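Chemist: This is the structure, below, for whatever I ask next.
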Amino acid sequence: MPAILRYRDDCIDPVLYTYFRSSCSWRVRIALAWKGIEYESQYVNLVKDGGQQEDYSTINPMKQVPALVMNGSTMTQSVAMLEYLEEVHPEKPLLPKDPLERVKVREIVSVISGGIQPLQNLSVLQKIGDEGKMEWGKFWIDKGFQGKFI
Ligand SMILES: N[C@@H](CCC(=O)N[C@@H](CS)C(=O)NCC(=O)O)C(=O)O
């Protein structure tokens, strides 16, 4: 097991606003765990809104997770968070060394974060409505996976 690292001795632990079903949050949780960075979780329920989401809009006005509060800054886009974590914690890298292999990783990141997830996100499916949402979601997931992974 890797040693648990703190970002800096004089820095409070990072806080990750997260939801268990959120794939965007998984990305950041996986990176934090891989790099051995200790953090505190704050749970935002995307499905049941008990008024909590209004409070959360002060953290992320789009009311989406994840948000990462780290080193005095609030970050609201998962890929930007991954890049930041890579820059401040280059040990245990997320990217391979070889530039062409890095391109492949970045292509996969772009397909998932730009071509799949936003199109079948909860708020998008709510706009599509119950009747068409499964077909819609499947279409974009298949297209992204077939284009990039098959
Ligand atoms: N581009 C953002 C997308 C964030 C996002 O869409 N998060 C989803 C969960 S995976 C969410 O909060 N959905 C609720 C909503 O959009 O209302 C990122 O990568 O952080």
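Chemist: Looking only at Cα atoms, what is the convex hull volume of the range 99-149 per residue, in Å³?
Modeler: Considering the Cα atoms of the range 99-149, their hull volume per residue is 51 Å³.
Chemist: A further question follows. Calculate one ³J(HN,Hα) per residue across the range 108-122 by plugging θ = phi - 60° into the Karplus curve 6.51 cos²θ - 1.76 cosθ + 1.60, and present them in order as whole Hz with x for glycine and proline.
Modeler: Calculated HN-Hα couplings, in order: 4, 4, 5, 4, 5, 7, x, x, 10, 4, x, 7, 10, 5, 3 Hz.
Chemist: Share of antiparallel DSSP beta bridges in the range 15-88, in percent to the nearest 5?
Modeler: 60
Chemist: Can you find, among Gly132, Pro14, Tyr56, the residue farthest towards the positive end of the dipole of the chain? Put +1 on the C-beta of Lys and Arg, -1 on that of Asp and Glu.
Modeler: The one lying farthest along the dipole's positive direction is Gly132.
Chemist: Still on this structure, I have one more. Given a cut-off of 30 Å, name the pairs among Lys104/Lys127; Lys48/Lys133; Lys35/Lys148 whose C-alpha atoms lie farther apart than that in the structure shown.
Modeler: Over 30 Å apart, Cα to Cα: Lys104/Lys127.
Chemist: Among bridges DSSP assigns within the chain, what percent are antiparallel (round to 5)?
Modeler: Numbers: 6 of 11 bridges.
Roughly 55 percent of the DSSP beta bridges within the chain come out antiparallel.
Chemist: Further question: Could you give the radius of gyration (one decimal) and Dmax (whole number) of the Cα atoms in the chain, in Å?
Modeler: Taking only Cα atoms of the chain, I get Rg and Dmax of 16.8, 52 Å.
Chemist: Determine the relative contact order of the chain: mean sequence separation of Cα pairs under 8 Å and six or more apart, normalised by residue count, in whole percent.
Modeler: Across the chain, relative contact order equals 19 percent.
Chemist: Can you give the charge dipole size of the range 99-149 about its Cα centre, rounded to the nearest 20 debye, using +1 on the beta carbon of Lys and Arg and -1 on the beta carbon of Asp and Glu?
Modeler: I would put it at about 240 debye.
Chemist: From the backbone phi of the range 33-43, what are the Karplus-calculated ³J(HN,Hα) couplings (6.51 cos²θ - 1.76 cosθ + 1.60, θ = phi - 60°) in whole Hz, Gly and Pro given as x?
Modeler: 3J(HN,Hα) across the range 33-43, in whole Hz: 5, 4, 7, x, 8, 6, 8, 9, 9, 10, 9.
Chemist: Could you name the aspartates and glutamates in cross-link range of Lys138, using Cα to Cα under 19 Å and dropping any fewer than eight places away on the same chain?
Modeler: By straight Cα distance, Lys138 reaches Asp130.
Bear in mind that the values in this text are calculations on the coordinates, not laboratory data. Quick caveat: nothing in here was measured; it's all calculated off a predicted structure. Using ideal geometry, Cβ is built from the backbone for each residue, glycine included, and neighbour counts are taken over all protein chains shown.
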